[in-house]
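Down below is the structure, laid out as structure tokens.
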Amino acid sequence: MSEAPAPEAPFETPPSVTLTDIFVGFLVIGATSFGGGVVAYLRSGLVGRRKWIADETFVELLSICQTLPGLNASNMAILVGDRLRGTAGAAVALAGICLPGALMMVAAAAAYAASRGSEVGIGAVLHGVSAAAVGLVLAVTFQLGRKSLTRMSDLVFVALTVIGVDLMHQSVLLVLVVVGALAIYWYRPGRLPEHVKP
Amino acid sequence: MSQLPALIAVFAYLSLLTVGGGMAAFPEMKTLVVDNHHWMTFPQLIHLYSVGQMAPGPNMMMIAGIGQWVAGPVGALAVVLAFFLPTGLLTLWVGRLWNRLDHWPWRASIQRGLAPVSIGLLLAGAISIARGTITGVPSAAIMVAVFGLLLATRINPIPLIGAAAVVGYFAFR
């Protein structure tokens with residue numbers, strides 16, 4: 001990158017952070033964010049400890065991630081990396097946050113493949129773990145919903161989505177496009193119930 | 001290795017469905033991975049997904065496990081790149097455009113409209129997993145206990161998952 005200012009106006013002037021700093025910073029978060037909720041780890045690591053971005057910027061970037069496809073944690077890594085050091089920053093941030101979990105899952109899948117059918121206990125343990133995982137996903141969904149479902153129409157859109165996917169067995173893509181378009185049209189400009197924070 | 005193109009196509013497509021969270025893509029992942037390509041059985045997919053809940057980092061790193069299962073380390077790498085590159089590039093682009101869209105009135109409409117749809121997709125994904133997992137009273141009890149404890153306390157989910165593993169060892173053998 002030359003001395004030229006960033007072409008797209010940044011939210012703020014980021015402190016000078018090297019690519020190695022970014023990689024290591026995200027690698028640490030990627031390796032220690034046990035128990036889901038990586039976004040909370042990102043916030044305390046990036047805003048609190050390292051002070052790479054302001055909290056308002058963090059919230060703003062998070063709202064972009066929630067609207068776009070892609071996982072919130074990896075999208076946040078890309079956006080923060082881009083703010084700090086452009087495309088290269090985004091690439092090393094993404095690699096850093098994904099690497100530890102990916103290596104762990106590769107090892108887990110290899111071990112699982114090796115044990116296939118040989119051990120009744122493993123199936124039983126994983127059955128217990130998967131029941132807990134369902135409870136975990138439902139809790140996360142409930143917490144999100146409690147915050148963002150504020151009107152009756154929101155519940156209708158949630159119901160339509162669930163019915164389309166789980167009862168009518170339509171593809172997720174079709175449901176996303178149809179119900180999504182309907183919901184966006186419902187909240188079209190001029191009909192927004194409350195002004196969404198800029 | 002002949003599975004690589006199919007793996008890349010499947011996971012690049014799935015990544016586009018993860019609006020709101022990785023769980024949104026789960027029903028489609030089940031259809032493609034289990035029913036169409038027969039890469040693994042539904043219980044195996046659920047097992048990998050569940051182990052993935054214990055891994056750190058973005059919550060769908062279990063996809064690397066699927067790649068490893070189907071085509072070894074190269075498969076894992078191919079799946080991770082296919083899953084993160086398309087949406088990553090989109091995010092990079094929109095992230096830079098976002099400020100300029102500030103005065104575009106539909107920006108707020110899209111954000112507001114997609115919020116309930118993304119929650120619906122998460123819920124649909126959870127239901128889809130529950131169909132393969134909640135098979136009787138013991139598994140339902142584990143699910144309800146974890147759900148209740150997470151909402152009532154601020155406990156980290158990892159010890160709860162560990163406890164469920166122990167309960168599962170005795171309940172499901």
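Evaluated at q = 0.26, 0.32 Å⁻¹, the base-10 log of the normalised Debye intensity for the range A:121-171, with identical point scatterers placed on the Cα atoms, takes the values -0.96, -1.04.
When the alpha carbon gyration tensor of chain A is reduced to an equivalent ellipsoid, its three semi-axes come out at 32, 30, 15 angstrom, largest first. The C-alpha atoms of the range B:4-133 occupy a region whose extents along the principal axes are 48, 31, 28 Å, arranged from largest to smallest. With the convex hull of the Cα atoms taken as the outline of the range B:51-121, the averaged projected area works out to 6.4 nm². Computed across the range B:25-87, the Kirkwood radius stands at 11.8 Å (inverse of mean 1/r, all Cα pairs).
Derived value for the range B:1-53: Kirkwood hydrodynamic radius 11.5 Å. Basis is the mean of 1/r over every pair of different alpha-carbon atoms.
When only alpha carbons of the range A:85-198 are considered, Rg and Dmax amount to 20.7, 62 Å.
Reducing the range B:98-173 and the range A:119-198 to their Cα centroids gives an inter-centroid distance of 9 Å. When the trypsin sites (Lys or Arg not before Pro) in the range A:103-162 are filtered for DSSP coil states and for at most 14 other beta-carbon atoms within 10 Å of their beta-carbon, the remaining sites are A:Arg116, A:Arg151.
Between A:Val120 and B:Asn156, take the C-beta separation as r, use R0 = 41 Å, and let me know the FRET efficiency to the nearest 0.05.
FRET efficiency, A:Val120 to B:Asn156: 0.90.
For the range B:75-84, putting each phi into the Karplus relation 6.51 cos²θ - 1.76 cosθ + 1.60 with θ = phi - 60° gives couplings of x, 4, 5, 4, 5, 5, 5, 5, 7, 9 Hz, in residue order, rounded to whole numbers and with x for Gly and Pro.
In summary, the helical segments of chain A meeting the span-like criteria, namely a full DSSP H run, a Cα extent along the axis of 18 angstrom or more and a mean Kyte-Doolittle hydropathy of at least -0.5, are A:19-32, A:55-67, A:72-115, A:120-148, A:172-186. Checking every one of the GluC sites (Glu not before Pro) in the range A:55-140 against DSSP loop status and a limit of 13 other Cβ atoms within 10 Å picks out A:Glu119. Geometric descriptor of the protein assembly as shown, per residue, is 133 Å³ (volume of the convex hull of the Cα atoms). Taking Cα atoms only, the orientation of helix B:137-152 departs from the longest principal axis of chain B by about 50 degrees.
Stretched out straight at 0.36 nm per residue, the stretch from B:His103 to B:Leu85 would grow longer than its current Cα-Cα span by 3.6 nm.
Quick note: the coordinates plus some simple rules give every number you see, no bench work behind them. Note that the structure is predicted; figures quoted are calculated from it, not measured. Because the Cβ atoms are built from the backbone with ideal geometry, glycine has one as well, and the counts that use them run over all protein chains shown.
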